[in-house]
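Right, one structure below, let's go through it.
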Amino acid sequence: MRSGVPATMGDIPRLQAQRRALIVLVTAQILSGLGLAAGVTVGALLAQDVFGSTGLAGLPSAVGTAGAALAAVAIGRLSQARGRRSGLAAGYLAGAAGSAGVIAGAVVGSAFLLLIALFVYGAGTAANLLARYAGVDLAAPAHRARAVSIVLVATTLGGVAGPNLAAPFGDVAAALGVPELAGPFLLSGAAYAVAAAVLAVWLRPDPLLLARALDAEHGAADSGDRPGDAADPARPATVRRRPGVPVGALVMVLTQLIMVAIMTMTPVHMRDHGHGTAAAGLVIALHIGAMYLASPLTGWLVDRYGRLTIAVASGPVLLIAGIVAATAPAGSVAAFSVALALLGLGWNFGLVAGTAIVADAVPPDVRARTQGMVDTAISVAGAAGGMLSGVVVAVAGYPLLAIGGGVLAAAVLAAVVMAAGVSAARSR
C-alpha cells in the first residue's frame, strides 16, 4: 500500500478504520493534553511548598514518572489482551483518580498522600504517550511516522492551554478552600476522565485488534509487520533493513531523561528569580507546544529521510537548548521560552523517530506488550531525570544541569545512532 492508494479492495476497511481511529485518538489527546500539562506546570512548585526544600522539588516528577513506568506495563498488557480501547481508557481513569488524590493530599497537608496520588496520576501520562502507538496499528509502513505525528500534535492544543489555565484554576481552588497550587489538578482530573469516556465509547473497531485480525486473515504482511518480511526480497531495502527495538528505545530513553530533568527545574529556577506562576506557565506551555506541534514536520522528515537521521539530529537540538537555558539571564522569560521550546523540539525528534523504529520492528501479536515495556524504560528514565534534577540544582546550580544534559544527549545519541548505522550497513 503506497501513496495512500489501497493495493487491493481488502485494504479499504483498514484505511477507513485508520481514519476513524485517528479522529477519536486526536479528540482524546486534546483532552489528555490538558490533564498532562496542568500537572507539569505546578508539580515541582507544590512539592517545594509541601516539603520546604528545593532539593526535593523534582520528587513529584520522579514519582509521577515512576507511576507511569508501572502503568505502561499494565496498559501494554491490557491492550495486548483486550485492545487499545480498554488499555488507554483504564490509564486515563487512573490519571483522573490520581488528580483527585493530589487535591486531597494538598488539602490535608499530607506529603505521603500527595506522593501516592502523584504515583497514580502518572498513569495518565503513560496513556497519553502510549496512544501514539494506536495511531500506527493500521498505518502503511511508509506513513508510520506521520501517523504517530498526527496523534502527538493533537496533544498540543491541550498542552498549550493547560499551563495557561494554571493561574485561573488556582483562583478557583482558592475560592473552594483548596491550596492554590493544587488547582490545576481539578482540570487534570476532569480532562482525563472525559478522555477515557471518549475512547471507551468511540474507539471502535479497536485498531490493534483489527490489525491483528487482518494480519491473520490475509496471512501476509501488507503492513510490513511479519518477522519473515525482513528477508522478503520483494520488499524495498528501506523496509527490510531497519534498526530494531533496542535502538529506538535508547533514543527515546535518553531524550526523555534530558527533557524531564531540565523541564522539571525550570519553573523552580524561575520562581527563585522572582517569576510568578503565570510566567512559568507560559514557558511550559511553549515547551509543550514545541514537544508536540512540530510533530507533522518531524513525521514527514522521518518518513522521508530515515529514522536514524532524525534520531541523531535530536542530539544537537538538545545541546543548543541546554546552552540557551544555562546562559539565559535570570529575568528573561523570553530566553527561557526559547530554551524550553528547543528542548521540546529535540524531544519530539527523538520520540517520533524512536517510535517509528520500534513500530517497524514488532508484529501485531506482541506489539502492545513490547511497546509497553519500551515506554516503561522511557518512564524510568524520566523518573531518574526528575529525581536527579533537584539534587543537581541544589548542589551545582541550574546552569550546570542544563548544559550538562545537552552535552550528554548530543554525545550519547550520536554514538548510539552511528553504531546502529554501522551494524545495519554490515548486515546488507
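The values are calculated or read from the model by the stated rules, or taken from the named source; none is laboratory data. Here the structure is a predicted model, which is why all the values come from computation and not from measurement. In this analysis, Cβ positions are derived from the backbone assuming ideal geometry, glycine residues included, and neighbour counts consider all displayed protein chains.
Brief remarks follow.
- ARG235 meets all of the listed conditions (1) modelled with pLDDT under 90; (2) crowded, with 21+ Cβ neighbours inside 10 Å but one, namely (2).
- Residue within the range 294-309 that is closer than 22 Å to ALA402 by Cα, assigned to a helix (DSSP H, G or I) and of a type outside the set (Lys, Arg) present: no
- Against the list (1) within 23 Å of ALA134 (Cβ to Cβ); (2) surrounded by fewer than 19 Cβ atoms within 10 Å (Cβ to Cβ); (3) hydroxyl-bearing (Ser, Thr, Tyr), the condition THR355 fails is (2).
- Flag for VAL417 being at pLDDT 85 or above and surrounded by 14 or more Cβ atoms within 10 Å (Cβ to Cβ): no
- Checked against (1) modelled with pLDDT under 85; (2) in a helix (DSSP H, G or I); (3) over 29 Å from ARG77 (Cβ atoms), ARG428 passes all but condition (2).
- Any hit, the range 63-79, residues being of a type outside the set (Gly, Ala, Ser), in a helix (DSSP H, G or I) and either touching a His at 6+ places or on another chain (Cβ under 7 Å) or at pLDDT below 90 (or both): yes
- When ARG146, ARG132 are checked against the criterion of being in a helix (DSSP H, G or I) and more than 15 Å from the chain's Cα centre (by Cα), a single residue qualifies: ARG146.
- Tally, over the range 282-315, of residues that are under 21 Å from VAL260 (Cβ atoms) and touching a helix residue (DSSP H, G or I) at 6+ places or on another chain (Cβ under 6 Å): 20
- One residue stands out in the range 119-152 among those that are of a type outside the set (S, T, N, Q) and in contact with a Pro (Cβ under 6 Å, 6 or more places away or on another chain): the one that is farthest from VAL102 (Cα to Cα), namely LEU138.
- Any hit, the range 178-187, residues being among the β-branched types (Val, Ile, Thr), assigned to a helix (DSSP H, G or I) and surrounded by fewer than 21 Cβ atoms within 10 Å (Cβ to Cβ): no
- Here VAL338 meets the list (1) surrounded by 24 or more Cβ atoms within 10 Å (Cβ to Cβ); (2) free of Cβ contacts under 8 Å to residues at least 24 places away in the same chain almost entirely, failing just condition (1).
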